[in-house]
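The values are calculated or read from the model by the stated rules, or taken from the named source; none is laboratory data. Every value quoted in this text rests on a predicted model; they were computed, and no experiment measured them. Virtual Cβ from ideal backbone geometry, glycine too; neighbours counted across all protein chains shown. Surface accessibility is based on the protein's heavy atoms, side chains included, excluding ligands, DNA and RNA. Shrake-Rupley method; radii C 1.70, N 1.55, O 1.52, S 1.80 Å.
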Amino acid sequence: MESRNFARLRPIGGQLRMKFHSFEIILPVDKKIIPWERYSQQQVTAGVCSMSQKVFEPGIAAGRLEAEAYAVQFSDLHPPLDQHEALVAADRCYFCYDAPCITACPTDIDIPLFIRQIATGTPDAAAKTILSQNILGGMCARVCPTEQLCEQACVREAAEGKPVKIGELQRFATDHLQEQGKHPFERADSTGKRVAVVGAGPAGLSCAHRLAMLGHDVVVHDARPKPGGLNEYGIATYKTPNGFAQAEVDWLMQIGGITLQTGSALGAQMTIEDLKADFDAVFLGMGLGGVNALGAEGEDKTGVLDAVDFISDLRQAEDVAQVPIGRDVVVIGGGMTAIDAAVQAKLLGALNVTLVYRRGRDRMNASVFEQDLASSKGVRIVNHAVPVAVHGNGAVREIEFEYVDGEMNGTGQMLRLAADQVFKAIGQTLQGDALPALEGRKIKVDSTGRTSVDGIWAGGDCASGGDDLTVTAVAEGRDAAMDIHMALVG
Amino acid sequence: MADLRSEFVGIKSPNPFWLASAPPTDKEYNVRRAFEAGWGGVVWKTLGIDPAVVNVNGPRYGAIYGADRRLLGLNNIELITDRPLAVNLQEIKSVKRDYPDRAMVVSLMVPCEEEPWKYILPLVEETGADGVELNFGCPHGMSERGMGAAVGQVPEYIEMVTRWVKASTRMPVIVKLTPNIADIRKPAEAAMRGGADAVSLINTINSITSVDLDLFAPEPTIDGKGAHGGYCGPAVKPIALNMVAEIARDPELSHMPISGIGGVTTWRDAAEFMALGAGNVQVCTAVMTYGFKIVQEMISGLSEYLDEKAMTSVDQLVRRAVPNVTDWNQLNLNYVAKAKINEDLCISCGRCYAACEDTSHQAIAMSEDRVFSVIDDECVACNLCVNVCPVEDCITMEAMTPGTVDPRTGKVVEQEYANWTTHPNNPAAAAAE
């Protein structure tokens with residue numbers, strides 16, 4: 001492919017020229033730049049744009065795109081609303097009575113109130129409304145499947161099929177506050193109580209912040225080198241670019257009273273018994289550390305990888321161009337992780353990306369928006385197929401599937417896909433010994449997060465119930481904190 | 001297709017849409033563009049005696065907004081034309097010569113003495129203008145100098161000046177009324193006594209649009225201070241409609257032609273003014289917001305409406321609603337309605353519930369799954385739910401059939417008309433028997 005087809009971003013005399021094929025779009029630089037990917041989507045999908053000769057190179061290779069392309073490919077999925085856009089969007093809210101969007105929000109954010117606060121020119125007050133219910137409201141504004149939650153419930157979805165842009169408005173408000181470095185909450189007088197939190201992901205951070213705010217001293221342990229959990233390691237780069245996850249943690253920590261111990265894993269650096277002995281209460285929010293196996297022959301071949309590792313590598317990469325990607329990539333799974341891996345494989349320049357899920361589209365955990373996003377990026381989605389064998393001589397070359405019916409019975413019809421890279425995204429599992437009683441494969445908790453062991457609470461992905469969403473983890477961490485507080489001082 | 005041609009106090013125009021005396025009609029360039037766009041006539045921005053007035057060199061306007069910064073109300077502290085009289089007269093003559101079919105009325109404001117009127121009227125006549133409008137309404141600046149609203153608020157002055165003007169010109173005289181009075185009929189009667197051919201209303205309403213909460217000063221703010229201005233735009237339309245109707249339904253004034261002004265933005269607004277008695281309408285804020293082109297929508301809209309109503313000319317619309325404007329004590333108290341919510345149209349926002357439950361009669365029920373329904377036992381048909389509902393026609397007011405029982409009062413709905421004057425609760429009614 002000749003490089004003249006590649007987009008060039010050249011500021012020329014107060015304008016930004018975006019050139020691809022024979023078209024040239026000239027934008028004044030002071031205007032918000034429409035993301036390249038929106039323009040280039042079809043070209044990328046067709047595989048004719050933004051690609052170097054490396055696109056056809058088989059195997060796993062870094063730098064399949066021209067160097068300049070990565071920044072636009074991995075830019076913000078939803079560019080932030082500017083002031084005017086936010087006011088226009090806010091004006092559409094009807095300020096419903098007992099609003100359905102609040103009911104639909106796992107953290108019960110008073111959405112009509114915060115939107116009214118934006119509309120009346122007080123975005124910081126709006127942010128406080130949001131953050132008082134959901135301390136990770138900034139991240140949730142970026143990653144919540146709003147089309148399944150608040151925005152699905154919005155009465156304007158019923159009226160016009162166009163809900164109020166709740167997620168984007170939430171981001172407008174929380175960004176406005178956080179970019180000033182303001183922390184709107186004050187820590188209560190010390191209670192003298194100490195609480196251990198295991199896991200600095202959404203559940204743990206939410207729990208820790210609420211406990212600290214109520215005056216308790218909190219020590220948060222996390223096995224990874226950086227806090228944030230899935231916010232830092234498990235979410236697509238284009239959903240939370242520019243170091244937002246760490247900035248949010250830093251902002252959250254301003255409450256005071258929280259000590260963070262990274263590189264501290266349960267079962268290695270400390271045990272639940274240690275924590276029980278040293279603290280007045282323990283909250284477990286370590287998520288799911290293990291990855292499910294395919295159960296297919298040849299699964300151990302080179303090039304068969306965990307999608308969570310791929311996503312994490314991309315997030316942690318100094319330069320995404322250095323992350324190698326296959327020419328033919330197959331992702332197995334139907335959740336957000338599968339979509340995040342498949343879309344990013346495509347964004348890195350994989351020629352063919354196929355996402356294969358064993359059930360129908362309607363059973364996929366990934367939202368319709370996410371499925372459509374993947375399709376728009378050129379990811380092919382294959383349903384009703386299970387992997388049976390990974391072929392190749394040392395390294396994967398092909399992966400074989402069998403089509404299955406609605407009851408998961410094999411049909412005898414097989415599908416072989418060329419693959420030099422396979423990402424497994426078929427769910428994660430709880431790891432650890434000497435845990436409180438389980439329910440299914442997760443820690444059993446009641447509605448306040450109490451486990452079978454007195455003095456131990458749990459929440460987030462490692463606990464039973466919930467939808468494995470960031471926002472539900474935040475809610476569970478917060479609610480457990482309130483119950484811990486009642487138990488300690490009530 | 002309906003004939004939109006209009007004749008107002010003998011002044012002909014191709015349609016009843018005139019531009020009001022205001023910035024859009026301050027000079028030849030604008031007026032030519034307006035006529036090219038299709039406006040039927042203009043009232044040239046108010047002329048005065050030289051030396052010309054001066055305007056502030058800071059902001060002249062302030063605004064209030066609806067959703068998406070839709071301009072709903074505009075306030076101004078601009079004065080009459082600040083250009084020399086001779087320049088305006090020459091331009092009026094030039095435009096009228098080139099657009100003989102359009103109405104050219106000239107607004108005037110001179111000191112409240114006879115000589116200045118005797119001076120200026122022949123000059124205007126010489127331009128070939130079709131008529132004059134006496135600006136007795138400007139509520140700021142000029143009124144401090146004893147002109148504008150300072151005249152319009154004193155019926156005796158209105159009568160006196162109108163009489164001077166009629167004595168000094170052959171042109172039709174329209175008296176523009178200020179709404180900053182208690183009873184609009186008093187200045188209208190004064191104009192009539194003075195011999196006015198018509199009244200036009202309303203001029204702008206005294207207003208402060210907003211306060212700068214950093215400067216603690218009214219807006220628009222001139223170097224830290226603000227003065228009240230004149231309010232106009234869609235927000236003032238209801239006030240203007242009422243004042244027009246008050247004149248149109250007054251037996252003494254009912255023959256007085258009215259040029260309707262105040263928030264006219266669409267053909268529908270114009271039709272409403274005309275139905276309430278206006279022979280034509282004057283527009284300002286709408287063109288200051290959207291430009292002259294809106295007249296195309298006004299022409300097509302009014303034309304289509306007249307066709308739909310089988311009216312062949314605008315005259316057939318004028319005063320059509322006047323007989324239905326009455327006093328409260330003439331309203332039928334035996335008429336009973338109930339709100340009805342169309343569940344298929346309802347989007348479950350619950351605004352009707354909040355309004356009724358919090359502020360009215362607790363007459364709307366809300367189910368667990370957000371189905372809203374009217375409790376007829378409590379509904380007084382106040383219409384608030386209709387007004388706050390974001391979906392048009394989702395909630396309607398349904399009249400009860402005579403003979404049925406109103407579950408709220410337990411009384412049979414009577415067929416007969418009966419108003420307050422005969423109601424048993426009315427002490428005056430009892431005394432009369």
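Going through segment B:325-353 one residue at a time, which ones are within 27 Å of residue A:100 (Cβ to Cβ) and surrounded by fewer than 18 Cβ atoms within 10 Å (Cβ to Cβ)?
B:340, B:342, B:343, B:344, B:345, listed by residue number.
I need the full set of residues from segment A:360-370 which are open to solvent by less than 30 Å² (accessible area, probe 1.4 Å) and polar (S, T, N, Q), in order please. Spell out how you get there, then give the answer.
Kept after step one, since they are open to solvent by less than 30 Å² (accessible area, probe 1.4 Å), are these residues of segment A:360-370: A:360, A:364, A:366-367, A:370.
Selection gives A:367 alone.
With the checklist (1) open to solvent by 20 Å² or more (accessible area, probe 1.4 Å); (2) assigned to a loop (DSSP other than H, G, I, E, B) in hand, flag the one item residue A:228 doesn't pass.
Here residue A:228 clears every test but (1).
Please count how many residues of segment B:355-384 are under 18 Å from residue A:158 (Cβ atoms) and either within 14 Å of chain A (Cβ to nearest Cβ) or touching a His at 6+ places or on another chain (Cβ under 6 Å) (or both).
7
Just to verify a result, which residue in segment A:89-107, among those that are among the β-branched types (Val, Ile, Thr) and crowded, with 16+ Cβ neighbours inside 10 Å, is nearest to the chain's Cα centre (by Cα)?
The initial filter retains those residues of segment A:89-107 that are among the β-branched types (Val, Ile, Thr), namely A:102-103, A:107.
In the following step, the residues that additionally are crowded, with 16+ Cβ neighbours inside 10 Å were identified as A:102, A:107.
On the way: A:102: 22, A:107: 17 Å.
Across segment A:89-107, the extreme among qualifying residues is A:107.
Could you list, in sequence order, all residues of segment A:62-108 that are at the interface with chain B (Cβ under 8 Å from one of its Cβ atoms), of a type in the set (D, E, K, R) and assigned to a loop (DSSP other than H, G, I, E, B)? Explain how you work it out, then say what you get.
Taking segment A:62-108 as the starting set, the residues that turn out to be at the interface with chain B (Cβ under 8 Å from one of its Cβ atoms) are A:87-88, A:91-92, A:94-100.
From what's left, of a type in the set (D, E, K, R): A:91-92, A:98.
Selection gives A:92, A:98.
Quick test for you: out of A:373, A:355, pick the one residue that is at pLDDT 95 or above, open to solvent by 10 Å² or more (accessible area, probe 1.4 Å) and of a type in the set (A, V, I, L, M, F, W, C).
Result: A:373 is the single residue among A:373, A:355 that is at pLDDT 95 or above, open to solvent by 10 Å² or more (accessible area, probe 1.4 Å) and of a type in the set (A, V, I, L, M, F, W, C).
Would you confirm, using the coordinates I've provided, whether residue A:382 is of a type in the set (A, V, I, L, M, F, W, C), in contact with a strand residue (DSSP E or B) (Cβ under 6 Å, 6 or more places away or on another chain) and crowded, with 18+ Cβ neighbours inside 10 Å?
Spelling it out, it is not the case that residue A:382 is of a type in the set (A, V, I, L, M, F, W, C), in contact with a strand residue (DSSP E or B) (Cβ under 6 Å, 6 or more places away or on another chain) and crowded, with 18+ Cβ neighbours inside 10 Å.
Looking only at residues that are within 14 Å of chain A (Cβ to nearest Cβ) and open to solvent by 60 Å² or more (accessible area, probe 1.4 Å) in segment B:388-408, which one is nearest to the chain's Cα centre (by Cα)?
Among those residues, the one meeting the criterion is B:392.
Scan A:196, A:119, A:200, A:208 and give me the residue that is at negative phi, of a type in the set (A, V, I, L, M) and open to solvent by 10 Å² or more (accessible area, probe 1.4 Å).
A:119
One line per residue, one yes/no per condition, for (1) surrounded by 23 or more Cβ atoms within 10 Å (Cβ to Cβ); (2) under 30 Å from residue A:487 (Cα atoms); (3) β-branched (Val, Ile, Thr):
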position: A:134; (1), (2), (3): yes, yes, no
position: A:139; (1), (2), (3): yes, yes, no
position: A:150; (1), (2), (3): yes, no, no
position: A:186; (1), (2), (3): no, yes, no
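Which strands (runs of 3 or more DSSP E) does segment B:203-276 wholly contain that include 3 or more residues that are open to solvent by less than 30 Å² (accessible area, probe 1.4 Å)? First the steps, then the outcome.
On the way: elements: B:205-207, B:210-212, B:217-219, B:229-232, B:258-261.
Fully inside segment B:203-276 and qualifying: B:229-232, B:258-261.
Are there any pairs with C-beta distances below 6 angstrom linking a residue in segment B:331-354 that is within 12 Å of chain A (Cβ to nearest Cβ) to a residue that is part of a helix (DSSP H, G or I), with the two at least 6 apart or on different chains, and if so which?
B:347/A:155; B:347/A:158; B:347/A:159; B:348/A:155; B:349/A:155; B:351/B:388; B:352/B:385
Among all residue pairs at least 6 apart or on different chains, which show Cβ distances below 9 Å where the first residue, located in segment B:291-315, is among the charged types (D, E, K, R) and the second is open to solvent by 30 Å² or more (accessible area, probe 1.4 Å) and part of a helix (DSSP H, G or I)?
Close Cβ pairs (under 9 Å, with a partner that is open to solvent by 30 Å² or more (accessible area, probe 1.4 Å) and part of a helix (DSSP H, G or I)) amount to B:297/B:267; B:304/B:267; B:309/B:316.
Would you mind finding the one in A:159, A:153 that is within 14 Å of chain B (Cβ to nearest Cβ) and at pLDDT below 95?
Of the residues listed, the single one that is within 14 Å of chain B (Cβ to nearest Cβ) and at pLDDT below 95 is A:159.
Among the residues of segment A:109-128, what is the count of those that are free of Cβ contacts under 8 Å to residues at least 24 places away in the same chain and assigned to a helix (DSSP H, G or I)?
3
So which residues in segment B:355-383 are open to solvent by 50 Å² or more (accessible area, probe 1.4 Å), of a type in the set (D, E, K, R) and without any contact (Cβ under 8 Å) to a residue 24 or more places away in the chain, if there are any at all?
B:357, B:358, B:368, B:369
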